[in-house]
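Notes follow the structure.
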Amino acid sequence: MDEQKQQYGEYDVNNDLDEETLFMVSQCFKALSDPTRLRILNLLLLGEHSVNEIAEKLSLLQSTVSHQLRFLKNVRLVKFRREGTTIYYSNDDEHVIDLLRQSINHAKHI
């Protein structure tokens with residue numbers, strides 16, 4: 001394969017990353033660098049959950065869960081839907097979920 005045409009996924013590895021892309025990638029890794037956020041994302045692999053369900057299942061304060069979900073929502077890693085007065089959260093980015101799964105598998109492999 002010609003080195004000038006090496007590509008990984010949808011971007012050309014021979015081109016430098018623009019500032020916006022660098023920022024978004026760093027935010028993604030920042031989100032994945034926090035153990036509480038990892039626990040929440042891992043739980044959401046099983047399906048959508050409300051804040052109260054997440055807090056109960058992970059033995060966390062509701063305020064902690066809400067704070068972390070706000071961060072994850074801002075970087076578009078989780079999405080939500082409202083049903084009455086309850087908000088349900090689920091994973092929003094399959095690419096990041098794949099990265100999470102691979103990271104977990106890597107950690108268990110070591």
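Taking the stated definitions as given, is His95 part of a helix (DSSP H, G or I) and either over 29 Å from Thr21 (Cβ atoms) or within 12 Å of the chain's Cα centre (by Cα) (or both)?
Taking the combined requirement at face value, the residue satisfies it.
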For this session: Sort out which residues of the stretch 41-61 are within 22 Å of Asn105 (Cα to Cα), surrounded by 15 or more Cβ atoms within 10 Å (Cβ to Cβ) and free of Cβ contacts under 8 Å to residues at least 40 places away in the same chain, and write them in order of number.
Result: Leu43, Leu58
Exercise. Restricting attention to the stretch 31-51, which residues are farther than 14 Å from Lys73 by Cα and of a type in the set (D, E, K, R)?
Worked result: Asp34, Arg39
Problem set entry | Set Thr36, Thr21: member being surrounded by 10 or more Cβ atoms within 10 Å (Cβ to Cβ), closer than 24 Å to Arg101 by Cβ and at pLDDT 95 or above | Thr36
For this session: Please determine, by comparing only the residues of the stretch 68-85 that are surrounded by 14 or more Cβ atoms within 10 Å (Cβ to Cβ) and of a type outside the set (Lys, Arg), which one is modelled with the lowest pLDDT.
Result: Val75
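The values are calculated or read from the model by the stated rules, or taken from the named source; none is laboratory data. Values in this document were obtained by computation on a predicted structure and should not be read as measured data. Note that we place each Cβ from the backbone using ideal geometry, even for glycine, and neighbour counts take in every protein chain shown.
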